[in-house]
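Just so it is clear, none of the values below were taken in a lab; they were calculated from the coordinates. The structure presented is a predicted model; accordingly, all values stated were derived computationally and were not measured.
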Amino acid sequence: MSDIGPLISLESRPTGFQWIRSILDRLIIPPTVLEEVAHPYEGRQAFLEEAELRRLIEVRRPEIRSKADPGSGGHVLDEGEQEAIALARELGDPLLIEEAAGRRVAKSLGCEALGAAGLIDRARQDDFLSFAEATEMWRILLRENWISESLYRSLVQNE
């Protein structure tokens, strides 16, 4: 399950989508997220073809869209975030989501939620990535302001 943030984050990395395809069998996203991420391309199909994600991404509409927004500190979740959280709840799958407010809401609703840095850490722990490879990916996330200096330090000190 994913919201748009991690997809954009991974798309900007060298071999980002190649890497995510190597550790995930499938990534379920709602139609709204596909529309958002495919916007710079010439449509959804062009995005899926160019990024070679056709076999990875499954597009699914949630049965019930989550209207709950507890603990977001006044932040209104966008449609993609709401649909991704609803799908994660329905399917019981972990949710990839970068926005702190969205992660708070997802966790308050019982979903496991992590961002690109957390996915990298999980891949390192599961021996899909070496510590050096994970550190380089975290360094890129830090340089591009996707993670904070304190999060970066805590991740690289885990070895």
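Fully extending the segment from ARG26 to ASP93 would add 23.0 nm, taking 0.36 nm per residue of separation and subtracting the current Cα-Cα distance.
For segment 39-47, putting each phi into the Karplus relation 6.51 cos²θ - 1.76 cosθ + 1.60 with θ = phi - 60° gives couplings of 3, x, 8, 8, x, 4, 4, 4, 4 Hz, in residue order, rounded to whole numbers and with x for Gly and Pro.
Anisotropy class assigned to the chain is oblate, per the alpha carbon gyration tensor with a/c at or over the 1.5 cut-off and a/b no larger than b/c. Ellipticity at 222 nm from helices only: DSSP H runs of n ≥ 4 in the chain, each -39500 (n - 2.57), divided by the residue count, give -15000 deg cm²/dmol.
Near the amide H of ILE57, within less than 5 Å, lie the amide hydrogens of LEU27, all on another chain or at least 5 residues away, with H placed in the peptide plane.
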